[in-house]
Every structure is written in structure tokens, then in C-alpha cells.
Amino acid sequence: MKRIIFLSFLAAFLLGGCCSESGTIKTDVPARPAGQTDMVGFAAPKIDTVRVGFIGLGMRGPGAVERFTHIPGTKIVALCDIRPECVGRCQDMIKRAGLPAAAEYSGSEDAWKELCERDDIDLVYVATDWKHHALMGVYAMEHGKHVAIEVPSAMTLDEIWDLINTSERTRKHCMQLENCVYDFFEMNTLNMAQQGLFGEVLHVEGSYIHNLKDFWPYYWNNWRLDYNHENRGDVYATHGMGPACQLLDIHRGDRMTTLVAMDTKSVCGPDYIEETTGVRPDDFKNGDHTMTMIRTHNGKTIHIQHDVVNPRPYSRMYQLTGTKGFANKYPMQGYALEPEQVASDEMPNHENLSSHGYLSREQEAALVDKYMHPIIREVGDLARTVGGHGGMDFIMDYRLVYCLQNGLPLDMDVYDLAEWCCLAPLSALSIENGSAPVEVPDFTRGAWNRINGFRHAFAE
Ligand SMILES: NC(=O)c1ccc[n+]([C@@H]2O[C@H](COP(=O)([O-])OP(=O)(O)OC[C@H]3O[C@@H](n4cnc5c(N)ncnc54)[C@H](O)[C@@H]3O)[C@@H](O)[C@H]2O)c1
């Protein structure tokens, strides 16, 4: 027994954590440097025209450039990708939109630094592979820019703390481009939850279940499959975590305290590599299916899953259980409510309502009409027209620009980024230690309960 405890102490230590007497693995929380304050509720001075530079123009980046051509009060100043042809494609897109040509950076691993060093850019927008994200974010903020970084914006605890410390020190926004919190069902359901329709929300679920077999060959330098090859744990948790954490007001009155994770063995990842290269790897680390369970200070739970290799239909799960109701998006979208939560004059077929069955489609439509999120009401139609995963990508960019133009706190701050990204390192730590509990650090370093209430998530 003593030997097992010693070995798990040793394994946790080697992976960057240490065990408490209760067996919970704790990781270091670096002290906030003197003179630095937190960014909870931070708003930067208003920017009339948001001047943006894009880095990373592979499969994801060009869509962002295209969306910015539809957002008034923005200027696309510069484009960067290590591959010149990717820059050229986006330049053509800008020309087709009738906008002035952007400066081009390409051809070397470090060309992006010159973009960050320009003095006519307010926002650097990063859509490269995961290993470059935090590096580029830190450098951009150090050169006086706000930064928006694709998901996951950081893969290790060191990267997370670097982004937090740099954002706090430079007083620059550091936002993760988590688009899934802006999807229509998620936003409307968040509004319902905030209006108390589901009573107290106790349990939420989210996931990234997406078979990437058709995509693997197209990632630059095979970075994504390589990352899964080399790492255990939930390496892509933010699409599930974002909506889940917003429903639970994480660092707006509650905080995550402990997680445990477990994975299956690796089968389909090595199968794919064998099919495409003829050689089966014996060191593929990422399990086919990874599950993480999290408990919060206020006694709520979150369940997050990851599977990018098995032949399953796409799902982000998105499920909430409250004391008065239930919502579910995948595989079947719907709501179930206690009868007293439903006003009979607004709900047709009231007699069909059962707290154990889904509301009818007519009832759901009436509910959505009543509780439509104000942001969806404002830009939902335009978002559907411009597109980007059905419109949610456009709402994300539109809100980012709107908040910068109006000097508002962004919808997602650097602590959201940290909380949603920390699953990659912390779930790995749990799994490598026999699913041991791992303490989730308070990334706000004491400010998690200062803004008590969800309103801050969408300031205006
Ligand atoms: N939010 C979403 O729905 C969503 C969807 C897809 C991808 N993503 C994220 O977007 C990011 C990019 O994914 P992708 O599918 O476009 O991958 P990709 O491989 O197609 O694109 C990455 C790009 O980064 C460029 N790059 C790499 N190193 C560079 C450097 N040093 N300087 C400049 N450019 C460099 C590559 O040339 C490539 O064009 C990832 O973080 C991914 O997780 C998010």
C-alpha cells in the first residue's frame, strides 16, 4: 500500500503536481507578481476602429478573415502564415470584398513576430496549431496588442499561467475564441437558466465527439494527430467546457475545485496510422474516449467527454439538469420542465406536458421566442447570413469587436481561457495517476467570487 502511495506521489511529481495527504494531486499556483492586479471585470479604453492582424490561415483562419470583412468599424491590417499561398488566398478574399490590401508576412517560422511588432494593430487574432498559441499570445500582449486565440489557447499549466500573468501585467485582453458559447441553442438556454427557468442548475455536460478521420490529412505538418499521439487526457475540452462553465457561473460566484478523469485504451488512432503509413505505433497515448468529472465549490458537477477517432455522430452533448427542468442539445434537442415552470396561456397543449417528457416542438418554439437571448435577437439573422458554423462564429467575432469598440469587458476573459483549457494538463495528471483526484487551481488567485452573478458573462 505504502509503495502504491509512494509511486503515485512520484508520478504526480514527475508530471508537475504533488499529492496532499488526502491523495488529491495539487499543482503549483504561482504567486501574483508584486504590483499586478487581476483582470476580473477588466475593460480597456474604447477603440473606434478595431485594427486587426491575423496569424494562421490554414483551414480555420480564412473564415475569420472573411467574417471580419462583414463587421463595420474594423480594418484588416495584416495577414500572416508560414505558407505564402495561405496568405495569398486571404488577400484575394479581401480584394474581392473591395477592401484595401493587407500587409503580408510569411516564409519563416518567426515572421509573425513582425506582425505583432507593428504599431498600427489593436488586436492579434491567432488560428495556428496548438503549440504556437500561448507563445504568440504572450508576444502580442507584450507588444501592446489585445489578443484573441483559437481553441485551446493553451495546452500546459505553464502556458496558462504565462497568459494570465502577461494579461494582468500588460492590461491587455486575452480572449479564447470559444465559438460554441455563441450557438443559438446554447445562448437561448443560458438566458433561460439565468432567468431561473430550470431552478438551480446542478449538473452540466459537454463534449467534443467528432470523428476527424476526414480531416487528419489536411492539418499543417500533421500537428493535430501528432499531438494526440503524444498526449493523454482531454486535449480539446473547451467546446464542452465553455457552455458548461457559463451555465454554472464559474468565477462569477462558483469555482471548480476537483476533477477526476479516465480514458479507454487507444485503438482507432493507431489503426488510422497503420492504415495510412503501414506501420502501427505502439506509443499512441490519447485514449479513444476520455471522460472528466469535475465538482465545484457550490456542489455542482460537470461531465466532459472527448472522442475524435470513433465512428460516432458529431456531438457536443450540451446537457443541463436543474431542480426544475432539463435541457439537452445532442443527439436530440429539447427541454423538459416541471409543470409550474410553464405558463399555460403561452404554452399550447399544456395537458401534454410531463416533467418526464420533452416539451412539444410548439412549446419549445414558444419558449425560445420568449427567452431568446438579446444578442441572438440583435444579430441572429445577420449571423445566419454571414455564417461560420451556422452563425455562431460570426456572433463571436461581432461581440469581440463590439466590446472593444464600446470599452466593455469581453464576454470571455483570461480566466475563462484558463479554466476551460486546464482540462488538458489536469485530466492527463489524473489519468496518469490511476484517475486520482486533482485540485483545480483558482486561476483568479482570489477573485472568483467578487462578481457574484452570471451577468458579467455578457456585459451589455
Ligand atoms: N473553434 C472552432 O470551431 C475551430 C474549428 C477548427 C479549428 N479550430 C482551431 O483553429 C486552429 C487552427 O486549426 P486549423 O484546422 O486551421 O489547422 P491548420 O493546420 O489547417 O492551420 C494552421 C495554420 O497555422 C500555420 N502556421 C503554423 N506555424 C506557423 C507560424 N510559425 N507562423 C505562421 N503560421 C503558422 C500553418 O501554416 C497553417 O496554415 C487550431 O487551434 C484548431 O483547434 C477551431
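The values are calculated or read from the model by the stated rules, or taken from the named source; none is laboratory data. Please read these numbers as outputs of a predicted model, since none were measured by experiment. Please note: Cβ atoms are built from the backbone with ideal geometry, for glycine as well, and neighbour counts cover all protein chains shown. Just so you know, the surface numbers come from the protein's heavy atoms only, side chains and all, with ligands and any DNA or RNA stripped out. Shrake-Rupley method; radii C 1.70, N 1.55, O 1.52, S 1.80 Å.
Just one of the numbered conditions (1) touching a strand residue (DSSP E or B) at 6+ places or on another chain (Cβ under 8 Å); (2) surrounded by fewer than 20 Cβ atoms within 10 Å (Cβ to Cβ); (3) of a type in the set (A, V, I, L, M) is not true of VAL201: (2). Scan region 156-197 for residues that are open to solvent by 10 Å² or more (accessible area, probe 1.4 Å) and within 16 Å of the ligand (Cβ to nearest atom) and the total you get is 5.
Looking for something closer than 27 Å to TYR318 by Cα and in contact (Cβ under 8 Å) with a residue 40 or more places away in the chain - is there at least one such residue anywhere in region 160-167? Checked against the condition, which is being closer than 27 Å to TYR318 by Cα and in contact (Cβ under 8 Å) with a residue 40 or more places away in the chain, region 160-167 yields at least one hit. Does GLY137 meet the test of being over 14 Å from GLN36 (Cβ atoms) and surrounded by fewer than 24 Cβ atoms within 10 Å (Cβ to Cβ)? When the stated conditions are applied, GLY137 does not pass them. Residues that are buried (at least 23 other Cβ atoms within 10 Å of the Cβ) and away from the ligand (no atom under 16 Å from the Cβ) were ranked within region 140-155; the one that is nearest to the chain's Cα centre (by Cα) is HIS146. Here is the figure for region 111-134: residues that are open to solvent by 30 Å² or more (accessible area, probe 1.4 Å) and either under 15 Å from ALA78 (Cα atoms) or among the small types (Gly, Ala, Ser) (or both) total 6.
Taking first residues from region 141-159 that are modelled with pLDDT of 95 or more and among the basic types (Lys, Arg) and partners that are assigned to a strand (DSSP E or B) and within 16 Å of the ligand (Cβ to nearest atom), the Cβ contacts under 6 Å between residues at least 6 apart in sequence or on separate chains come to LYS145/VAL124. Of the residues screened, TYR398 is one that is of a type in the set (Ser, Thr, Tyr), within 16 Å of the ligand (Cβ to nearest atom) and part of a helix (DSSP H, G or I). Among residues of region 61-95 being of a type in the set (Asp, Glu) and open to solvent by 50 Å² or more (accessible area, probe 1.4 Å), the one that is nearest to TRP220 (Cα to Cα) is GLU85. Return yes when ILE294 is touching a residue at least 40 places away in the same chain (Cβ under 8 Å) and farther than 28 Å from TYR358 by Cβ and no when it is not. No, not satisfied.
Number of residues in region 134-161 that are in contact with a Leu (Cβ under 9 Å, 6 or more places away or on another chain) and either assigned to a helix (DSSP H, G or I) or farther than 27 Å from HIS203 by Cβ (or both) equals 14.
If you go through region 226-264 and keep only what is part of a loop (DSSP other than H, G, I, E, B) and either aromatic (Phe, Trp, Tyr) or open to solvent by 20 Å² or more (accessible area, probe 1.4 Å) (or both), you end up with ASN231, ARG232, TYR236, ASP249, ARG255, THR264.
Counting only residues that are of a type in the set (A, V, I, L, M, F, W, C) and either open to solvent by 80 Å² or more (accessible area, probe 1.4 Å) or in a loop (DSSP other than H, G, I, E, B) (or both), how many does region 275-303 have? Spell out how you get there, then give the answer.
Going residue by residue through region 275-303, those that are of a type in the set (A, V, I, L, M, F, W, C) are 279, 284, 291, 293-294, 302.
Right, trim to either open to solvent by 80 Å² or more (accessible area, probe 1.4 Å) or in a loop (DSSP other than H, G, I, E, B) (or both) and you get 279, 284, 293.
Residues flagged as of a type in the set (A, V, I, L, M, F, W, C) and either open to solvent by 80 Å² or more (accessible area, probe 1.4 Å) or in a loop (DSSP other than H, G, I, E, B) (or both) within region 275-303 amount to 3.
Select from region 80-117 the residues that are β-branched (Val, Ile, Thr) and assigned to a helix (DSSP H, G or I) and write down the one among them that is farthest from the ligand (Cβ to nearest atom).
Filtering region 80-117 for residues β-branched (Val, Ile, Thr) gives 82, 87, 94.
Going one step further and asking which of them are assigned to a helix (DSSP H, G or I), we end up with 87, 94.
Details: VAL87: 9, ILE94: 17 Å.
Applying the filter and picking the extreme gives ILE94.
Of the residues in region 48-62, none is within 16 Å of the ligand (Cβ to nearest atom), more than 25 Å from the chain's Cα centre (by Cα), in a loop (DSSP other than H, G, I, E, B) and aliphatic (A, V, I, L, M). Screening the candidates GLY240, GLY253 for the property of being within 16 Å of the ligand (Cβ to nearest atom) and either of a type outside the set (Phe, Trp, Tyr) or over 18 Å from the mean Cα position of the chain (by Cα) (or both) yields one hit, GLY240.
Just to verify a result, which residue in region 118-137, among those that are out of contact with any strand residue (DSSP E or B) (no Cβ under 9 Å at 6 or more places or on another chain) and within 8 Å of the ligand (Cβ to nearest atom), is farthest from ARG171 (Cα to Cα)?
ASP129
Within the set GLY58, GLY98, the sole residue that is assigned by TED's automatic domain parsing to the domain that holds ASN165, of a type outside the set (Asp, Glu), in contact with a Phe, Trp or Tyr (Cβ under 6 Å, 6 or more places away or on another chain) and surrounded by fewer than 19 Cβ atoms within 10 Å (Cβ to Cβ) turns out to be GLY58.
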